[in-house]
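Okay, structure first, notes after.
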Amino acid sequence: MSIPVSIALFVLAWLCEIGGGYLVWLWFREGRPLGYGIAGAAILILYGVIPTFQTAHFGRVYAAFGGMFIVLSLLW
């Protein structure tokens, strides 16, 4: 797998984690409609599936994602 594709998968997973969590937060804490919570839960499921598309060993991918998450969170 090429490096740009791998980085794109990391960024997509990061967006799913942040976006899904935020939608669940809006539903649970801000009183938004149930659809927000359902959409957030579906996006969080995608967050769990996306890293499996990486071709490297899953433990290494997960550790690398942790580093990418820190960097992208700081940029956020």
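The values are calculated or read from the model by the stated rules, or taken from the named source; none is laboratory data. Keep in mind the model is a prediction, meaning the values are calculated, not measured. Virtual Cβ from ideal backbone geometry, glycine too; neighbours counted across all protein chains shown. Ligands, DNA and RNA are excluded from the accessible area calculation, which covers all protein heavy atoms including side chains. Shrake-Rupley method; radii C 1.70, N 1.55, O 1.52, S 1.80 Å.
Of note:
- Pairs, first among the small types (Gly, Ala, Ser) in the stretch 6-19, second open to solvent by 30 Å² or more (accessible area, probe 1.4 Å) and modelled with pLDDT under 85, C-beta under 9 Å, six or more apart: Ser6/Thr55; Ser6/Ala56; Ser6/Ala64; Ala13/Met68; Ala13/Phe69
- Members of the stretch 25-59 found to be of a type in the set (Phe, Trp, Tyr) and farther than 19 Å from Trp14 by Cα, listed by number: Trp27, Phe28
- Checking each residue in the stretch 1-25 for being of a type outside the set (A, V, I, L, M, F, W, C) and out of contact with any Gly (no Cβ under 8 Å at 6 or more places or on another chain) picks out Ser2, Pro4, Ser6, Glu17.
- Lone qualifier among Gly59, Gly40, Gly66 - being at pLDDT 95 or above, assigned to a helix (DSSP H, G or I) and open to solvent by less than 60 Å² (accessible area, probe 1.4 Å): Gly40
- Scope the stretch 23-37; condition closer than 30 Å to Ala64 by Cβ and either more than 16 Å from the chain's Cα centre (by Cα) or surrounded by fewer than 13 Cβ atoms within 10 Å (Cβ to Cβ) (or both); matching residues: Leu26
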